[in-house]
Each structure stands twice: as C-alpha cells, then as structure tokens.
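The values are calculated or read from the model by the stated rules, or taken from the named source; none is laboratory data. Here the structure is a predicted model, which means the values were calculated and not measured. Note that we place each Cβ from the backbone using ideal geometry, even for glycine, and neighbour counts take in every protein chain shown. For accessibility, only protein heavy atoms count, side chains too; no ligands or nucleic acids. Shrake-Rupley method; radii C 1.70, N 1.55, O 1.52, S 1.80 Å.
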Amino acid sequence: MSYINKKRVAKKLRDFHASVKSNGGKIGKAPRIIDLSYDNACNFKCKHCFTMAPEGVNCKEHMSWEMIRALADDADELGFYEFDLQGGELLINPNVFFKLVECVGSERFYLYLTTNGYFLDEKMAQRLAKAGVDRVSVSVDSLNAEEHDNFRGKPGAFDRAIQALKYVKAEGMEPFMNITVGHYNAFSQELETQLAFSYENGFQSILNAAVPAGCWRGHYEVMLTEEDTRHILELRKKYPNMVRDIWNPFDRARQEILGCNAANLLYITPWGDVLPCPFLHIRLGNLYKQGLKEIVEYAYSIPELMDYSDKCLAGEDVDFVKKYLSGDISTCNPADARKLFSR
C-alpha cells in the first residue's frame, strides 16, 4: 500500500506538497491529518496515557456512524489526506473497527490504525490489508520485554507488539514503531537501540514527544529540551526511517523543519470535540454544533496556533504549555479556545 495506489490520496498529497513548497517549506495552512478517537476503551494501563483510559474515563462514548461519515466527507473535501483511526484500543472489537473503515472510505485517505498490537495476529493483518489500511502504528517503549510490559501494564505486550509489526510488514502495509521520546530518554542508549532495531527490521520509527498531559499532567520535566532536540536531529541523519510530523517529509536531506502541525493535524474525541492535535487539549469546536469546515477556518484564525513554530508546542515549548495548557484540562475536559485566545 502507498499514497500512489490511491488516486484521490495522491492528488491531495500533491496539493499539500505544493502548498508547503509555496510557503517556503513551512506547513502554514495545509490540512494534513485527522486523528479520530472512536472510543476510550482499552485493555492496557499505560503509565503515560494522554486520554486517561487506564482510569476508565468515558470509555463507552462515541459518535454515530452518520457523524463519522459526515466528518470523513468534510475532511476529504477540505484536503485532509491522512486518516488515523485510534482509541483506546480499537481491535478489542474488530467489527467496530472495520465498520469505521467503511464509513471513512479507505480509498479516499492514506488510512492507518494506531494500536497496542495485542490483538493483531496474522489473520488480523490480512484483514487490515484487504480493507485498505495503509499503515499500522504500534508503540514500543523498550526492547526489554519486562520494562515494556510494566510500562503498558500488560504481561506479554512486548512480544505481541513486535510480532504485530512483522505481520503488518508481511502483508505489504507500512509498519510504524511508535517511540515516545522525552528529556528522560533522549540521550539514552535504549533510544538508539530501539532506532537501530526498527531500522534493521524494516520498520518506520515515528517519534512522539512526551507531553505533560493526561496521566503525566503537570510533569514538565518530561518535555524535550533544546539540547535533546538537537541530538534527535543528529539521530535523524543516522536513521533514515525516523519520522516526526514536525519534520518536512519532502526533504531528502532530512534537515528541514515543517513546523508544528497544530490545526493541520486535528484530533477528534469520541464526543465530537475537535482539538488542534492529540496533545493540545484545547477545544476548537464540536461536531455536534458545527461543521468541520467552520471549525478549521476558526483554527486558522488563531495566531498562537498558526504562527510558525519549529518546536512541537505540546512537547517542546514549555512557555506555551505553561501559559495555555496548565490546570485541570484533558481530552475529556479541554480548555475553550475562544476563551483561551480571546482578543
């Protein structure tokens, strides 16, 4: 699977590329990704969960199929070319997942599943590929099975995660090994060992910045420092399979910074709130009250989100986090953008 195998996706990607190129390699106002969290039910107890699923928060709420179809239609029309289906853990109920794929329309998007991999066996990988899934992202916290399992709160999690990535690769989908990186591990040998393992096994390594949100709310010490970021940029040159949304995906030299994707990478909660990204717990609007186009237009009017930043606002910009993301906020209790950025 790839972008070029889906004509509609290839066209949207070309439009995105043209927009970025005309903006000097910076993301600007270029719709990119929809992250849809269908529900918050999960079989893991991850220590750093940003949706607080281990606490059983709103695990049964979700939008109707009609709303999800409308969301996907609007996202397609606006030019979003990637669609990420996530939870919770969606493969707890495979029938629900494949219904989601049907509603979204795999032919219209570079479609991927974010999963812990626990239920992804060979047969499931075959079903995913047949349904038009292009990529599967599985989080791996450590190559030490005991450490990974302890962090995820589930015995056997590591072995199933690694095997899931291998099944995904075997079925022609793109296997992405999700790695959370923060100040606590940026210079660690463990991180480089993970990157080398991913590269040697033909996986992609996607780095997600540790954020002081959800179960880590208020823990600013986990955030990447400027020194950490410089080190990661050096690792980027060494491992060509490394990916961050903030990096320019069209730069073959692997040096350019696309910029924070806030508002171009929208996170949709199970109850219809639209956030600027999964880690910026700020409500831009709600799909029960507004259409996606209206919400995107409003998001693009907010300088605090749209001014170019070479840092991930949620995981690297301490000043932004302390100013706009402090207090008792979460995915289920986000700050109101219209109050937060009132002028």
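At a glance:
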read-out: Length-normalised contact order of segment 62-112 in % [C-alpha pairs under 8 Å, at least 6 apart]; value: 54
read-out: Solvent-accessible area, 1.4 Å probe, carbon plus sulfur percent, for segment 172-259; value: 48
read-out: Ranking by accessible area, most exposed first, for ILE232, ILE92 with a 1.4 Å probe; value: ILE92, ILE232
read-out: Calculated Rg/Rh (Cα atoms, Kirkwood Rh) (choose from [x] 0.97; [y] 1.05; [z] 0.92), label; value: [z]
read-out: Solvent-accessible area, 1.4 Å probe, carbon plus sulfur percent, for segment 274-336; value: 46
read-out: Accessible-area ranking of SER205, SER22, SER326, largest first, probe 1.4 Å; value: SER22, SER326, SER205
read-out: Listed residues HIS281, HIS17 arranged by accessible area, highest first, probe 1.4 Å; value: HIS17, HIS281
read-out: Solvent-accessible area per residue, Å², over segment 150-293 with all protein chains present [probe radius 1.4 Å]; value: 40
read-out: Under 5 Å, built H, 5+ apart or other chain: amide partners of SER139; value: THR115, ASN178
read-out: Between segment 162-176 and segment 67-115, the alpha-carbon center distance in angstrom; value: 19
read-out: Table column - 3J(HN,Hα) (Hz), segment 325-331, Karplus curve with 6.51, -1.76, 1.60, x for Gly and Pro; value: 10, 7, x, 8, 10, 6, 5
read-out: Proximal charge balance of GLU174 [Cβ under 11 Å; K/R count +1, D/E count -1]; value: 0
read-out: Per residue solvent-accessible surface (Å²) - segment 86-125, probe of 1.4 Å; value: 34
read-out: For HIS17, net neighbour charge (Lys/Arg +1, Asp/Glu -1) across residues whose Cβ lies under 12 Å away; value: +3
read-out: For segment 195-202, Karplus couplings with θ = phi - 60° (6.51, -1.76, 1.60), whole Hz, Gly/Pro x; value: 4, 5, 4, 4, 4, 5, 8, x
read-out: Pairs from LYS169/LYS311; LYS21/LYS237; LYS7/LYS130; LYS26/LYS293 whose Cα-Cα separation, in the structure shown, is over 26 Å; value: LYS169/LYS311
read-out: Selected from PHE98, PHE176, PHE279 as most flexible by GNM, with the chain as the system and alpha-carbon contacts under 10 Å; value: PHE98
read-out: Partners for LYS99 among aspartates and glutamates (Cα-Cα distance below 17 Å; same-chain residues under 8 apart left out); value: ASP35, ASP39, GLU61, GLU66, ASP73, ASP84, GLU89, GLU107, ASP134
